[in-house]
1. Can you give the relative contact order of the range 287-340 as a percent, counting alpha carbon pairs under 8 Å and 6+ residues apart?
2. Please compute the length gained on full extension between residue 275 and residue 391, using 0.36 nm multiplied by the number of residues separating them and subtracting their Cα-Cα distance.
3. For an R0 of 35 angstrom, estimate the FRET efficiency from the Cβ-Cβ distance between residue 143 and residue 319 and round to the nearest 0.05.
4. What FRET efficiency do you get for residue 48 and residue 158 if R0 is 25 Å and r is their Cβ-Cβ distance, rounded to the nearest 0.05?
5. Considering only C-alpha atoms, what is the centroid distance from the range 224-295 to the range 353-428, in Å?
6. Which FRET efficiency value, to the nearest 0.05, do you get for residue 398 and residue 301 by plugging their Cβ-Cβ distance into 1/(1 + (r/R0)^6) with R0 = 30 Å?
7. If you count, for each residue, the other Cβ atoms within 10 Å and average over each peptide, how do 284-294, 331-341, 252-262 line up from highest to lowest?
8. Within 10 Å of each residue's Cβ, count the other Cβ atoms and sort 228, 269 from fewest upward.
């Protein structure tokens, strides 16, 4: 009798635990989806919808990667299939797990790691909710448990197992600072259907919609003789070396391509990283190394707008063409170069505001179609569509307010849209 009672109690215990775990999984579903959504919805797509060994080039890193490299452009120029894997605020401590997972599912010709993860990014001690998205997405198994226990601190492990306990207000407004290139693709509701295959818009690329303005320049560049300000830099370099050692077992190439920053706080740390990476005969390339960096190309001090990302993506395609011995499509190259703009000006003279986009090639841009729209406090007040109209002047209807100028540029020989925006705030 006693034995039967014990068996009954154990049965009730296991039943209770099963019900509890099921409830936790159900109420954790929304936080997991919000985490994926904040991260650009990539990792669920990678594990559930991306065929194995279907990708030629993989871009890895943080938001610096996914706001600079535009796979659509690189694919058109090189005739390849490229895609992003990244997590906003990612550090090299997380990159190493993602790198291993990518090579388990794909056998790409090249993996490009954007090295900002070496210098910055969120460590396991200061994670944000979207950093969990990679670990949430992994198929259940020993590797998932091992990665999470190696990466998370004890407190964050609780959030990993019980996502609903991680209450973060920014779950409510994912992609607040980002914009999809095509407004029709600003959200991916299909991902909420767990079993439904999806097509990831723009292969993981996102962009900052608004370009920097002169009054937003508050950060100073480091002095030439300033020390490297990263306290755990040696640990970061050690993890980077672990990646380099793992890359030796992969048949494809590994490249580190540093994306431009308007102000680089970690300029004085680069030398050690470059020496380590080059010692493994892996290239470390810096985009725009010999060029001036106009405000037009940046949404903040670190991330590019689409104006800059187009130029960076073409330069990346040219680099990969040389390194991988892939012939470039001259027609596609010329097409995307027609979108090159080197700067912009905003001038106020009394009640009139003038905005001018400065093209690289004054002859090529005349074939582009420009769609301008001006907003005052989020209300549209002016629309202009014209061929070759790279500048507009309009009269201010109100002496104070937040004016936003939205621009869409299209080359009629194709269907690629370049989007951007400019803030002009008038105060008393």
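No lab work stands behind these numbers, since they all come straight from the coordinates. Everything quoted here is computed from the prediction, not taken from an experiment. Backbone-built Cβ (ideal geometry, glycine too); neighbour counts: all protein chains shown.
1. Answer for the range 287-340 is 31 percent.
2. Computed gain between residue 275 and residue 391 is 37.2 nm.
3. Plugging the Cβ-Cβ distance into 1/(1 + (r/R0)^6) gives 0.60.
4. In this case the efficiency is close to 0.45.
5. A separation of 37 Å, based on Cα centres.
6. Between residue 398 and residue 301 the formula returns 0.50.
7. 252-262, 331-341, 284-294
8. Sorted ascending by nearby Cβ count, the order is 228, 269.
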